[in-house]
Structures are given as structure tokens and as C-alpha cells.
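Inspection log for the structure reproduced underneath, given as C-alpha cells.
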């Protein structure tokens, strides 16, 4: 099981109704960056985890392998982080 405090892969907390979540997932998918999708709408414990990680209730919450977190990142912010981690080509 992956430790939420220090994931070995990208942990994505979001919901299908969330436009920012759909946009960020589309970016990750288009760049072929693997991630674990956690649907906070269908599992209250995942919503609690996202809240613990981010300190708020906004989604998406994206936790990276280096332990850093982005909440509601723009595409440029997310792209820059992925590049800094060497996860894009």
C-alpha cells in the first residue's frame, strides 16, 4: 500500500464532476504520466485524505513522489512540476 505522506507515484484526488480535475487528468493522460486516481466523490475516506494532505476542500489535490502537493494547479503549473520531476519527455 502506498503511504499517503510519501507516495512512490502521483496520487490524484478528484471527482468526475470537477472541471479542474478533468482538465488536469487530461493533461497527465496526454503526457502519458502514470498516476493513481482517487475518486473522492465515491469514497469519503479519500475525501478525508485529500483534506488532510491539502488542508482544504478544493480539488484536484495532486501529491507527487517528492511529497509536494498542488491544489487546483493550472496546466502550466502542473506541466512545470512534471518536467522538474523528470516525468515528461
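Throughout, read-outs are computed from the coordinates displayed, never taken from laboratory work. Source: prediction; values computed, not measured. For neighbour counting, all protein chains shown are included, and Cβ atoms are generated from backbone atoms with ideal geometry for every residue, glycine included.
Would you be able to say whether some residue in region 76-85 is touching a residue at least 40 places away in the same chain (Cβ under 8 Å), buried (at least 18 other Cβ atoms within 10 Å of the Cβ) and part of a helix (DSSP H, G or I)?
yes
Please indicate, with yes or no, whether at least one residue in region 7-18 is without any contact (Cβ under 8 Å) to a residue 12 or more places away in the chain and not in a strand (DSSP E or B).
no
Pick from 71, 61: which is in contact (Cβ under 8 Å) with a residue 24 or more places away in the chain, over 15 Å from residue 8 (Cα atoms), touching a strand residue (DSSP E or B) at 6+ places or on another chain (Cβ under 7 Å) and buried (at least 16 other Cβ atoms within 10 Å of the Cβ)?
Of the residues listed, the single one that is in contact (Cβ under 8 Å) with a residue 24 or more places away in the chain, over 15 Å from residue 8 (Cα atoms), touching a strand residue (DSSP E or B) at 6+ places or on another chain (Cβ under 7 Å) and buried (at least 16 other Cβ atoms within 10 Å of the Cβ) is 61.
What are the residue pairs meeting all of these: first residue in region 30-52, first residue touching a residue at least 40 places away in the same chain (Cβ under 8 Å), second residue not in a helix (DSSP H, G or I), Cβ atoms under 6 Å, and 6 or more apart or on different chains?
31/88; 33/87; 49/4
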